[in-house]
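Input: a single structure, listed below in structure tokens.
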Number of protein chains: 2
Amino acid sequence: MQNKDSRQDRKKAPDCTTDTCEIVYVDHKKVSSVIRRMKPEPVVQRIAETFKVLGDPTRTKIIFALSAAELCVCDIASLLNTTRSAVSHQLRILRNMRLVKYRKEGKMVFYSLDDSHINNLFTECLRHVEEYD
Amino acid sequence: MQNKDSRQDRKKAPDCTTDTCEIVYVDHKKVSSVIRRMKPEPVVQRIAETFKVLGDPTRTKIIFALSAAELCVCDIASLLNTTRSAVSHQLRILRNMRLVKYRKEGKMVFYSLDDSHINNLFTECLRHVEEYD
DNA sequence: CTAACAGTTGAACAGCTGTTCAATCGTTTG
DNA sequence: CAAACGATTGAACAGCTGTTCAACTGTTAG
């Protein structure tokens, strides 16, 4: 019983790339099974990129604000107590990730959320955050 | 009809903090309504922090891997083709955010996901990512 | 005890990121 | 047309981030 799954499937890695290539034991069966279940690289990259974009406080607040109402750049800047320039830069990033869309009305540009999943993402994240407080 | 909601509630902001404080029109009614609906600052910060932690490709992959199986540091490093040190650093960050937990077995440390919401977050994010391809 | 080794940690460093500032664009108004 | 102004953009810069490297800890095996 002292020799569970953690030892018997471990073999010296021939293509060891870890650290200074000491002898390293890896559970190859388990690892290759996990590799088979991983999402393809481009998908992982896009997921990471999406989370990253949501992971800046200014952008988080913009998303929250836009989930409550359609707003122009001035409104958002006033709301967040920051400059129109800073907001505009962040809105470009959100636009590029298709997280917000915009509508022009004369000189003004009104922004709103582009995607219904975003609210679900925030709801789920909120649930995690509020779990331990 | 040419004067819709975008103009009539806009007033010069007395506490204008945007740019060089030119005359700036803000829809105060709308803005204060949105402010009332915003989450409190610490909650926003924690949400942003959580997304940020998930927004690094290495950490994204670690989470994906751990959602498939419990793994030790060596397994993960082998899986991601990186060093144990790099993985260990990232695992510390994930641990601090209570996203992963660990279990020691002799010299080895086995990591697994700590939170059921994480899988939901990834599922929802995947849905967004796969929408436009 | 000593050697081996899985894992952690801190310092250093290169690369990235968000804000600021100034210049510019486009639309509206007088 | 010119002035006003909402919005965007690019450059610059400070601050942050992730990896690497080397040193270290703790456990196991001989």
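Below is a table of values for the structure above.
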item: Counted residues, the range B:43-67 - those being near DNA strand D (Cβ under 9 Å from one of its atoms) and touching a residue at least 40 places away in the same chain (Cβ under 8 Å); result: 2
item: Residues satisfying the stated conditions in the range B:45-70, i.e. surrounded by 17 or more Cβ atoms within 10 Å (Cβ to Cβ) and in contact with a Pro (Cβ under 7 Å, 6 or more places away or on another chain); result: B:Ala48
item: The range A:34-59, residues that are more than 7 Å from chain B (Cβ to nearest Cβ) and polar (S, T, N, Q); result: A:Thr58
item: Residue check for A:Ile62: modelled with pLDDT of 95 or more and either within 12 Å of DNA strand C (Cβ to nearest atom) or of a type in the set (A, V, I, L, M, F, W, C) (or both); result: yes
item: Which listed residue is more than 21 Å from B:Thr50 (Cβ to Cβ), of a type outside the set (Asp, Glu) and open to solvent by less than 20 Å² (accessible area, probe 1.4 Å), from A:Val73, A:Val100, A:Val87; result: A:Val87
item: Odd one out for B:Glu70, checked against (1) touching a Ser or Thr at 6+ places or on another chain (Cβ under 7 Å); (2) farther than 17 Å from A:Glu130 by Cα; (3) within 13 Å of DNA strand D (Cβ to nearest atom); result: (3)
item: The range B:75-115, subset within 24 Å of A:Pro42 (Cα to Cα) and facing chain A (nearest Cβ under 7 Å), residue farthest from DNA strand C (Cβ to nearest atom); result: B:Asn81
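The values are calculated or read from the model by the stated rules, or taken from the named source; none is laboratory data. Keep in mind that this is a model prediction, so the values were computed, not measured. Quick reminder, even Gly has a Cβ in these numbers, built from the backbone with ideal geometry, and neighbours come from all protein chains shown. These area figures cover heavy atoms from the full protein model, side chains too; ligands, DNA and RNA do not enter into them. Shrake-Rupley method; radii C 1.70, N 1.55, O 1.52, S 1.80 Å.
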